[in-house]
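Structure, as structure tokens:
The values are calculated or read from the model by the stated rules, or taken from the named source; none is laboratory data. Note that the structure is predicted; figures quoted are calculated from it, not measured. We place every Cβ from the backbone using ideal geometry, glycine too, and count neighbours over all the protein chains shown. Please note that ligands, DNA and RNA were not included when accessible areas were found on the heavy atoms of the full protein model with its side chains. Shrake-Rupley method; radii C 1.70, N 1.55, O 1.52, S 1.80 Å.
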Amino acid sequence: MKINWGTAIVIAFAGFIGFIMYFIVSMSTNSKYEHDLVVEDYYQQELKFQNEINKEKNAKKLSKNITWKKTEHGIIVTFPSELNEKNINGKVFLYRPSNKALDFEIPISLSNHNLLIPDNNLLGGRWNITIDWSYNNEAYLYKEEIIY
């Protein structure tokens, strides 16, 4: 059987299309290649974005913003010392870009202007930390990408 060049091109196209379709189907059905949104309620979060900008501006107006450091026990987040720690409340959210199952949130509970995020909750690698807090009915927001 002799194949002319026109038939060979059609066979090559059909083979290429089959090859691509195989990868599309395998990537779509295999749980190893899940592709989730960063957050489930993306559009609702986008509507709250201006509020976050205002909170970040408030945080930049402080004489000293939140700082953090890595210790053997975990991450210590230090709030400004000129603020009364009893009037500080809010939450800390740690987001792991590589695995949403590792994300967690903890309430702010200070001891001498410090908050300890325990080492047992953290794996080595990149984390996004978001501290949404308030002091005397003024809202603040701190965001940082950290490597633990």
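Can I get the semi-axes of the chain's equivalent ellipsoid? Compute them from the C-alpha gyration tensor as square roots of 5 times the eigenvalues, in angstrom, largest first.
Values: eigenvalues 512, 65, 28 Å².
After scaling each eigenvalue by five and taking roots: 51, 18, 12 Å.
For segment 93-108, what does the Karplus curve 6.51 cos²θ - 1.76 cosθ + 1.60, with θ = phi - 60°, yield as ³J(HN,Hα) per residue in whole Hz, taken in order and with x for Gly and Pro?
In residue order, the calculated couplings are 10, 10, 10, 9, x, 7, 7, 5, 5, 8, 4, 8, 9, 10, x, 7 Hz.
Just need the relative contact order of the chain here, percent rounded to a whole number, with Cα pairs under 8 Å and 6+ apart.
In percent, rounded to a whole number, it is 21.
May I ask you to compute the full-extension gain from Asp103 to Ser28, defined as 0.36 nm times their residue separation minus their alpha-carbon distance, rounded to one decimal in nm? Before the final figure, lay out each step's value.
Numbers: separation 75, 0.36 × 75 = 27.00 nm, distance 2.41 nm.
That works out to 24.6 nm of additional length.
Roughly speaking, what is the stretch gain from Thr67 to Ile20, that is 0.36 nm per residue apart minus the C-alpha to C-alpha distance, in nm to one decimal?
Here the answer is 12.0 nm.
Which chymotrypsin sites (Phe, Trp or Tyr not before Pro) does segment 59-122 hold that lie in a coil by DSSP with at most 16 other beta carbons within 10 Å?
none
Do any trypsin sites (Lys or Arg not before Pro) in segment 52-129 lie in a DSSP loop with no more than 16 other beta carbon atoms within 10 Å, and if so, which?
Lys64
Kindly report the accessible area of the chain per residue (heavy atoms of protein chains, probe 1.4 Å, no ligands, DNA or RNA), in Å².
Numbers: 10700 Å² over 148 residues.
Per residue, the chain has an accessible area of 72 Å².
Can you check what the net charge comes to around Gln50, using other residues whose Cβ is under 14 Å from the Cβ of Gln50 (Lys, Arg +1; Asp, Glu -1)? The partial results should precede the final answer.
Details: positive: Lys48, Lys55, Lys57; negative: Glu46, Glu52, Glu56.
Net charge around Gln50: 0.
Tell me the angle of helix 5-29 to the major Cα principal axis of the chain, expressed in degrees between 0 and 90 and rounded to the nearest ten.
Approximately 30 degrees, to the nearest ten.
Taking the Cα atoms only, what angle lies between the long axis of helix 49-61 and the longest principal axis of the chain, rounded to 10 degrees?
That works out to roughly 40 degrees.
So, with a 1.4 angstrom probe, what is the percent of accessible area on the chain that is carbon and sulfur?
57 percent
Counting helices only, and only those DSSP H runs with n ≥ 4, report the 222 nm mean residue ellipticity of the chain as the sum of -39,500 (n - 2.57) divided by its residues, in deg cm²/dmol to the nearest 500.
Calculated at 222 nm, the ellipticity per residue is -9500 deg cm²/dmol.
Modelled label-to-label distance, Phe49 and Asn4, 7 Å Cα→beta-carbon offset: nm?
5.7 nm
Output needed: percent of Cα pairs per 5 Å distance bin for segment 107-148, bins running from 0 to the one holding the longest distance.
5, 17, 21, 30, 17, 7, 3, 0
Run through segment 46-111 and list the GluC sites (Glu not before Pro) located in a DSSP loop whose Cβ has at most 13 other Cβ atoms within 10 Å.
Of the GluC sites (Glu not before Pro), the ones in loops of segment 46-111 whose Cβ has at most 13 other Cβ atoms within 10 Å are Glu72, Glu82.
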